[in-house]
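The values are calculated or read from the model by the stated rules, or taken from the named source; none is laboratory data. These numbers come from a predicted model, not from an experiment. Because the Cβ atoms are built from the backbone with ideal geometry, glycine has one as well, and the counts that use them run over all protein chains shown. Note: accessible area is taken over every heavy atom of the protein model, side chains too, but ligands, DNA and RNA are not part of it. Shrake-Rupley method; radii C 1.70, N 1.55, O 1.52, S 1.80 Å.
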Amino acid sequence: MQLVGQGRFWTELPVGTAFRTFGRTITETDIVNFVSVAGMLESLFLDAEYRAAHSAIQGRPAPAALVYALSEGLVLNATGQGTGLAFLGMEMEVKAPVVQGDTIHVEAVVTECRPASKAGRGLVRTKNSVVNQRGEVVMIYTPLRLMAGPEAGSVTEMV
């Protein structure tokens, strides 16, 4: 029986491979839950009166950390289930705010793909552009991941 939803092996992600995820609308619940769990209890995120008087952003802003976390969920659900082994680092640039009601998706391009020092594994770096419903790039980040290969011992079927 074939296992559905499995991510791609590093050998299936040559430089230049590009993909786009499904979208995800940022809700008030997402923002409130995230800032509460993370302890980011800033007035900008939780106080409508403060925002109305002091914010440079129209609407209820989502923390960049939330936008990044949701973007990673979109990417990993599409490419890394069962094949992603470790997150090794990244650079990130926030280009524009994301507010409640915005819908984001991720457009990713593989920029680096090479074998790791341990057999059966590879290093894959992507340039991930987070794009809103207006086609504006709101964030760019470049994760480097350790990924499994199709070599012996990998999970390709459900028994």
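For the reader, a short list of remarks on this structure follows.
- Residue pairs whose Cβ atoms lie under 8 Å apart, sitting 6 or more positions apart in sequence or on different chains, and linking a residue in region 1-27 that is among the polar types (S, T, N, Q) and outside any loop (DSSP other than H, G, I, E, B) to a partner that is modelled with pLDDT of 95 or more and surrounded by fewer than 16 Cβ atoms within 10 Å (Cβ to Cβ), are Thr25/Gly101; Thr25/Thr103.
- Residues that are under 15 Å from Glu136 (Cα atoms) and surrounded by fewer than 18 Cβ atoms within 10 Å (Cβ to Cβ) do occur in region 75-94, at least one of them.
- Hits in region 46-67 - residues which are within 20 Å of Glu136 (Cα to Cα) and either open to solvent by less than 50 Å² (accessible area, probe 1.4 Å) or touching a Gly at 6+ places or on another chain (Cβ under 9 Å) (or both): Gly59, Arg60, Pro61, Ala62, Pro63, Ala64, Ala65, Leu66, Val67
- Residue selection: Arg24 fails the criterion of being under 24 Å from Val131 (Cα atoms), modelled with pLDDT under 95, open to solvent by 70 Å² or more (accessible area, probe 1.4 Å) and touching a Gly at 6+ places or on another chain (Cβ under 9 Å).
- Lone unmet requirement of (1) of a type outside the set (A, V, I, L, M, F, W, C); (2) open to solvent by 80 Å² or more (accessible area, probe 1.4 Å); (3) out of contact with any strand residue (DSSP E or B) (no Cβ under 6 Å at 6 or more places or on another chain) for Ser43: (2)
- Taken over region 37-82, the criterion of being within 14 Å of the chain's Cα centre (by Cα) and within 13 Å of Val130 (Cβ to Cβ) is satisfied by Ala64, Ala65, Leu66, Val67, Tyr68, Ala69, Leu70, Ser71, Glu72, Gly73, Leu74, Val75.
- Check on Phe34, under 16 Å from Gln133 (Cα atoms), open to solvent by 40 Å² or more (accessible area, probe 1.4 Å), among the aromatic types (Phe, Trp, Tyr) and under 19 Å from the mean Cα position of the chain (by Cα): no
- When region 107-128 is limited to residues that are open to solvent by less than 20 Å² (accessible area, probe 1.4 Å) and among the small types (Gly, Ala, Ser), the one that is farthest from Thr25 (Cα to Cα) turns out to be Gly122.
- Scope region 46-59; condition in contact (Cβ under 8 Å) with a residue 12 or more places away in the chain, closer than 12 Å to Pro97 by Cβ and hydrophobic (A, V, I, L, M, F, W, C); matching residues: Ile57
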